[in-house]
Amino acid sequence: MRKLARVPLGARRTAKASAFIAAITVCCLVAAQGTSYATPQDPAPADNSGQDVTDALSTVGIKVLPDGWIEYKSMLRSVGASGEMSRVAGTREEDGGCTLPGSDETPPDSSRTTFTEEVAYNPATCEFDILVADLTTSQAADLNAMSDADPSDVSSTGDAATSDETGVVAPAATTYSRYLKTSWIDPINITISSQKVGLKWTSSSWRNWAYKRDSFKGCIGGVCLDKTYIYSSSDSFSTLSNGWKKTANVHFRNTSFALWVVAILGPTGWAACGFPTSSRADFYHKDSVTGYKNGGSAWSWSDSKSGACTNLVHHGKQTGASYPF
């Protein structure tokens with residue numbers, strides 16, 4: 001169970017844009033000058049001290065503590081939000097990555113919008129510190145504007161009016177809604193990948209379902225120095241005895257993610273990533289929303305990350321009683 005907070009938009013957007021341009025500039029300079037530290041085959045120079053790495057991470061709001069915990073810059077706190085903190089154990093995957101699962105539900109009369117954010121991670125123990133806060137309407141809008149990936153990769157919708165799976169819906173029936181959005185967010189709070197799933201229904205039938213997947217592309221002038229793309233995906237819809245469930249799964253891949261992080265952090269970036277032998281990173285989203293005939297709803301997610309520099313990436317989850325598609 002969890003909750004989260006809000007985010008000031010203008011200054012954050014400006015800072016993000018400046019960081020992005022600076023990172024692209026560094027990346028271009030590396031390519032133009034033939035600098036070799038930013039490649040897996042030739043990692044950061046040996047004379048980079050641990051303090052250099054600590055300083056590089058600190059500039060983007062990341063702290064690595066002596067006990068192995070990694071603390072991230074909080075999007076919620078940056079917008080003045082406060083909430084409840086809890087420590088959650090993840091699930092270790094075969095590839096060494098950690099899955100961050102979760103689920104919750106709410107009665108029909110709940111209209112809260114909440115944001116759940118990973119603010120610390122211990123890769124050795126596969127544990128997460130999670131901050132949860134309720135959002136006001138303006139906080140939710142600012143947070144979404146701050147975190148939305150651009151451009152859209154794919155979206156799809158279903159409408160009961162053209163479906164064979166439901167009967168005629170009474171026009172006066174009370175309509176209920178629920179959405180879930182999960183995101184993987186990089187060290188400078190750019191959303192790398194996200195998936196949003198939503199459902200709209202009444203006490204007798206479902207009205208609409210939708211999902212939308214976005215990922216970040218670091219492109220300037222048609223040249224993409226960083227690209228996160230859909231590697232595989234699936235979705236399903238099911239009718240339950242007491243309601244309806246929409247599920248969507250997606251696997252995003254970025255084959256140059258470590259190079260992007262190096263561009264952000266400078267020459268010590270490769271050391272900050274632990275000198276990975278590949279620059280590839282993978283991001284997974286498994287999200288579902290259930291609408292019950294009594295108006296209540298439930299949602300669940302099981303997201304994971306693996307590969308180069310993903311220890312520096314944190315997770316966010318937002319849900320509310322609306323249908324934002």
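The values are calculated or read from the model by the stated rules, or taken from the named source; none is laboratory data. It should be emphasised that the depicted structure is a prediction, and the values quoted were computed from it without experimental measurement. No Cβ is skipped: glycine too gets one built from the backbone with ideal geometry, and neighbour counts run over all protein chains shown.
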Is there any pair linking a residue in region 102-114 that is over 17 Å from residue 135 (Cα atoms) to one that is of a type outside the set (Ser, Thr, Tyr) and modelled with pLDDT under 85, with Cβ under 8 Å and at least six apart or on different chains, and which?
102/2
Can you confirm whether region 241-249 contains a residue that is touching a helix residue (DSSP H, G or I) at 6+ places or on another chain (Cβ under 9 Å) and either among the polar types (S, T, N, Q) or assigned to a loop (DSSP other than H, G, I, E, B) (or both)?
no
Among the residues of region 213-229, the number that are at pLDDT below 95 and either of a type in the set (Lys, Arg) or part of a loop (DSSP other than H, G, I, E, B) (or both) is 6
In region 75-111, which residue that is touching a helix residue (DSSP H, G or I) at 6+ places or on another chain (Cβ under 9 Å) and in a loop (DSSP other than H, G, I, E, B) is surrounded by the fewest Cβ atoms within 10 Å (Cβ to Cβ)?
80
